[in-house]
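These notes are about the structure you will find just below.
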């Protein structure tokens with residue numbers, strides 16, 4: 001009899017296990033796996049959002065860089081902009097802007113420019129745009145100290161200017177406050193517009 005009771009208890013325990021405990025255990029395991037899956041999904045989404053934010057930041061930085069490059073090397077001649085910058089630099093340094101003449105050079109490819117300078121080193125710069133030149137022949141007057149200030153401003157200006165030639169002539173009597181007349185050729189560059 002005790003064996004029958006023991007067997008009945010075992011069978012009853014197994015029935016309780018399979019009827020009540022096993023389904024609840026399986027449900028809890030399914031809920032845990034869903035939580036883990038959702039947590040992994042959330043982490044992946046957060047990582048994706050961070051990457052997108054980094055890309056957006058990178059593109060914004062490149063836009064600022066492109067804008068700075070466009071100021072230094074404009075996409076067209078911008079003759080009036082270059083002349084306005086030279087006039088502004090002259091006023092800021094205290095010299096008088098007397099006159100200017102302008103000549104626009106032809107476009108040259110980067111590979112052509114390299115071949116003209118050193119033919120044995122003429123690489124192909126397919127990604128670099130051809131450059132054009134604008135030369136300003138400018139006449140200014142003022143003391144020598146102010147000329148030095150003008151040249152420093154020209155050197156640190158956002159737009160690239162190369163001083164090609166400079167000649168000076170004294171104006172008036174010699175002395176500490178002697179004025180000079182300066183004639184210079186200043187060249188700036190631009191990219192070919194697409």
* To do: Could you please give the count of residues in the stretch 58-92 that are at pLDDT below 80 and surrounded by 14 or more Cβ atoms within 10 Å (Cβ to Cβ)?
  => 0
* Only one of 52, 24, 31 is modelled with pLDDT of 85 or more and either assigned to a helix (DSSP H, G or I) or not assigned by TED's automatic domain parsing to the domain that holds residue 138 (or both); which? -> 31
* Asked: Does at least one position in the stretch 93-101 carry a residue that is over 24 Å from the mean Cα position of the chain (by Cα), surrounded by 13 or more Cβ atoms within 10 Å (Cβ to Cβ), part of a helix (DSSP H, G or I) and at pLDDT 90 or above?
  -> yes
* Before we move on, is residue 38 part of a helix (DSSP H, G or I) and under 25 Å from the mean Cα position of the chain (by Cα)? -> no
* Asked: Does residue 118 meet the test of being modelled with pLDDT under 90, out of contact with any strand residue (DSSP E or B) (no Cβ under 8 Å at 6 or more places or on another chain), surrounded by 13 or more Cβ atoms within 10 Å (Cβ to Cβ) and in the same structural domain as residue 178 (by TED's automatic domain parsing)?
  -> no
* Test: residue in the stretch 176-183 that is in a loop (DSSP other than H, G, I, E, B), closer than 17 Å to residue 79 by Cα and in the same structural domain as residue 97 (by TED's automatic domain parsing) -> no
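The values are calculated or read from the model by the stated rules, or taken from the named source; none is laboratory data. Because the structure is a prediction, the values reported are computed rather than measured. Cβ: placed from backbone, ideal geometry, glycine included. Neighbour counts: every protein chain shown.
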